[in-house]
Every structure is written in C-alpha cells, then in structure tokens.
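A.B. asks: Please find one structure pasted underneath; my questions will follow.
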Amino acid sequence: MSSPRHDPYAALRHAPFRRLITANLLLSTGVLIQAVVLGYALYQMTHDPLALGLIGLAEAVPFIGLALFGGHLADRREKTRLMQMAGAVIAAGSALLLCATLPSTQAMLSQPVTLGIIYTSVFMLGLARGIYSPASASLRPFLIPREIYSNSASWNATFFQAGAIAGPVLAGFLYVGVGLTGTLIVVLAMVLINIVLIGRIEKQPVSPPAGIALWASLREGIAYVWKTKILLYAISLDMFSVLFGGVVAILPIFAEDILKVGPQGLGLLRAAPAAGALITVIACNWYPPTRRPWSTLLLVVAGFGVATLAFAVSKTFWLSAAALFASGAFDSVSVVIRNTLLQTLPADHMRGRVASVNSIFISASNELGAFESGLAAKLLGTVPSVIAGGMATLGVVGYIWTRSRALFKVRLM
C-alpha cells in the first residue's frame, strides 16, 4: 500500500492559521523596521557600540522577567485576547517614539532624554513580547491538525523569514525616503493591523488544570524542558550559538565604518540572513529536516559558526552579505526542527509554559546576545569580537555533541 502523498501546502489550507501567520508577519516586519532605523539613528547619535548593545538589554530584561508568567497565562487565558493586549502595548511604545521624533519635539529634547525615550519604548516591546510570544506559539497547534505540525512549523518560519527580509530592506529605504518619523508611522500602522487580524481568529476553548498555584505551574514548565533532553539541548544550542555568534546588533558599525555602505547597505545586510533562511525554510516544506533531527541540528549550528567566521574576516560588501545569507540558511533549519519539537512533544495544557521557556532561551540569545556583541566590540574591537564569537559557537557544538549521542536515534517522521 502506497504512503499518503505529501502536501506541502497543508497548513495554509486552514484559514485561522493563515490569519495568525499573516498577523505575525506584519508585527515582526514592523518591529524589525523599527529596530533597524533605531539602531542606525542611535549609532549616528552616539558612535558607541555599547549604546547599540543596551537596546538588546533593555528588551531582554522585561521579556525574560515576564515570559514564564506569560506562558502561565497562555495556558489559562484566551490566547487571542492576550495577543491583542500585547499588541496594544507595542503600539503605545511605537507611538511614544513617534512623538519623540517629531521635529517640533526634537528641538526641545536633549540627547540623554532622547536616549531614555528610545530605551523606554524598547523596554515596553520586551514586556509585550513576554505575553505575545508564548500566546502565539501555544495558539498555533490549535489551528491545524496534529499530523501537519511539521508543515505548519515550516510555513510559520517561512512567513517569519519573509518579514525578516522585508523589514530591514524596507527600513533602509524608508529611512532614506521619509526619515525616522515617517518610518515610525508605517510601523505603527502595521502593529494596528496586526491587532485587527488577531481579532478575526476564532477564540479557542480554555480548560486549565485545576488546583495548580502560579509558582508550581511555572516550575512544571521548567521541569518538563529540563527532563526532555532533546528539547533542552536543542534550545541550548540555539541560545549559545546566537549569543556568541550573532552579529546583528553591531551591523551598523560594519555598515558605517568597515564596509561604508550607509543605511541602505545596512538594510541589505540585515536582510541577508533572512533571505537565506526564507529560501531554506521553503525547501523544508518539501524536504522536512526532521527525519534525523539531532545530527541535522548539530551540523547546521556548526555551519552557522563557520559562516560567522567568514563574515568576520570579509572586507567586501557582497562577501559579507553572502556569509550572512549562509548563516540565516543554517539557522532556519534549526528553527524548523526546534519548532516541530515544541509543537509535537508537550501536551496541550503545557504548550504555553514550554513555549515561554523556549522564548526565554531565545531572548537570552538574541537580546542579551546583542548586549554581549556591543560590549565585546567595545572591549575587543569589532572584528576580533566576531571571530571570538564564531569560535565559541563551534566549541558549544562540540561540547553538546559529546553530551547527546543518544539523541542521534531520535526520529520525528
């Protein structure tokens, strides 16, 4: 008897899932546009790598502090409502930035006050993500059948990477065309449309487990990840590789001082990893990387480290963009595998808390990684800090490989 034909578009045939990933696409694109223009404007204002790193810290602290509670809420409250409330906070932060960048306002603000407003808005974004991320991740499995979780993970990553391409590219051209204030108006509009689209997703029934106190609930989510070794090691691989090997936060320095390509070049550099990721995750819809997930995961994270080293030593724009493209391609395979694990392994009533633990690890790698990048660039120099990060990533892969040999037998399909 022949096996059922694989349908690469299976998840997209479900309208609620389409609404969710479209709403997330708008939000992620808008947030990235805002991050790119803020980073460039901030570096022009201060010429200090640490100022760029502090953006990551300002987002990471509230996110990490709230994410576990956000996962608890996602398992016990109506998820679309939580996402709309978080979107409203993001919109408020963008509106605050918009008001602060109006020409009439700028004339009255000193640099320290402007910096304070920027970091406050980023802090608000971190708070909102602490609620939005686990709610979105735990909602997705309710919108599609279990047998197409892997396909939905690939399409979710596809839409995310499409936003990761569009956001930086649009940021560069919008910044040149309409300035910082005009760009923030576009961002605010995208966030508001996200709120409307989330409201069109049918509310899912909530049946929280009875008799579990808040702290016991949070510990249950942490304990599940700790004892599920393939989840623990997969999340740890991503966290340490991006924590040490990520270069996104200091790309304004490369664009302005090393490659000398300006804001449009910065937008293309920021989009290059997402372009590589988008092509790769589309391929994953036809060729899922989950047959031998653990060996594949180790290989692609090692590839990410090698791509980081190539970017560090490059002196030309196109070689640098190619290295970033490769880093995104490798990282996207890791994302598909990890998201498939997160959807497949936890029970329905645990997904929010498990997703929040994953979100904390990811935030530690992205936002704290941004702080680490800025601090290392200030202490070691920009290029040496990236070389050290690439070498550290390869070291992490080697160490986890020695600890996880039993996981090579795991199959997800």
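A.B. asks: Kindly list the number of the only condition in (1) assigned to a helix (DSSP H, G or I); (2) surrounded by fewer than 19 Cβ atoms within 10 Å (Cβ to Cβ); (3) not hydrophobic (A, V, I, L, M, F, W, C) that fails for G305.
C.D. replies: All conditions are met except number (2).
A.B. asks: List the pairs whose first member sits in segment 213-233 and is on the phi < 0 side of the Ramachandran plot and surrounded by fewer than 17 Cβ atoms within 10 Å (Cβ to Cβ), whose second member is small (G, A, S) and at pLDDT 80 or above, and whose Cβ atoms are under 8 Å apart, counting only residues at least 6 apart or on separate chains?
C.D. replies: So the pair list comes out as K229/S404.
A.B. asks: If you check A171 against the conditions, is it assigned to a helix (DSSP H, G or I), out of contact with any strand residue (DSSP E or B) (no Cβ under 9 Å at 6 or more places or on another chain) and modelled with pLDDT of 85 or more?
C.D. replies: yes
A.B. asks: Quick check, is G126 surrounded by fewer than 22 Cβ atoms within 10 Å (Cβ to Cβ) and of a type in the set (G, A, S)?
C.D. replies: So G126 fails the test.
A.B. asks: Follow-up. Here are some residues: L12, L50, L96. Which one is part of a helix (DSSP H, G or I) and either under 17 Å from the mean Cα position of the chain (by Cα) or at pLDDT below 85 (or both)?
C.D. replies: Sole residue among the options that is part of a helix (DSSP H, G or I) and either under 17 Å from the mean Cα position of the chain (by Cα) or at pLDDT below 85 (or both): L50.
A.B. asks: While we're on this one: Just to be sure before I move on: is I90 surrounded by fewer than 24 Cβ atoms within 10 Å (Cβ to Cβ), touching a residue at least 40 places away in the same chain (Cβ under 8 Å), of a type in the set (A, V, I, L, M) and closer than 16 Å to P134 by Cα in the structure I sent?
C.D. replies: no
A.B. asks: Follow-up. If I ask for residues that are modelled with pLDDT of 90 or more and either outside any helix (DSSP H, G or I) or aliphatic (A, V, I, L, M) (or both), which ones from segment 315-328 would you list?
C.D. replies: The answer is T316, L319, A321, A322, A323, L324, A326.
A.B. asks: Further question: Which residues, counting only those in segment 245-266, are β-branched (V, I, T), in a loop (DSSP other than H, G, I, E, B) and surrounded by fewer than 24 Cβ atoms within 10 Å (Cβ to Cβ)?
C.D. replies: Residue satisfying the conditions is V261 alone.
A.B. asks: I'd like the residue in segment 293-306 that is without any contact (Cβ under 8 Å) to a residue 60 or more places away in the chain and hydrophobic (A, V, I, L, M, F, W, C) and, out of all such residues, is farthest from A157 (Cα to Cα).
C.D. replies: L299
A.B. asks: Run down P273, P293 and say which single residue is crowded, with 24+ Cβ neighbours inside 10 Å and under 13 Å from A326 (Cβ atoms).
C.D. replies: Going through P273, P293 in turn, just one is crowded, with 24+ Cβ neighbours inside 10 Å and under 13 Å from A326 (Cβ atoms): P273.
A.B. asks: Something else now. Name the single residue that is surrounded by the fewest Cβ atoms within 10 Å (Cβ to Cβ) among those in segment 370-388 being touching a helix residue (DSSP H, G or I) at 6+ places or on another chain (Cβ under 7 Å) and more than 16 Å from S241 (Cβ to Cβ).
C.D. replies: Among them, the one singled out is L380.
A.B. asks: For segment 138-150, give me each residue that is part of a helix (DSSP H, G or I) and modelled with pLDDT of 80 or more.
C.D. replies: Answer for segment 138-150, where residues must be part of a helix (DSSP H, G or I) and modelled with pLDDT of 80 or more: S138, L139, R140, P141, F142, L143, I148.
A.B. asks: Here is a follow-up. Considering segment 65-93 alone, what residues qualify as being at pLDDT 85 or above, in a helix (DSSP H, G or I) and not aliphatic (A, V, I, L, M)?
C.D. replies: Correct list: K79, T80, R81, Q84, G87, G93.
The values are calculated or read from the model by the stated rules, or taken from the named source; none is laboratory data. All of these numbers come straight from a predicted model, not from anything done at the bench. Note: ideal-geometry Cβ built from the backbone for every residue, glycine included; neighbour counts use all protein chains shown.
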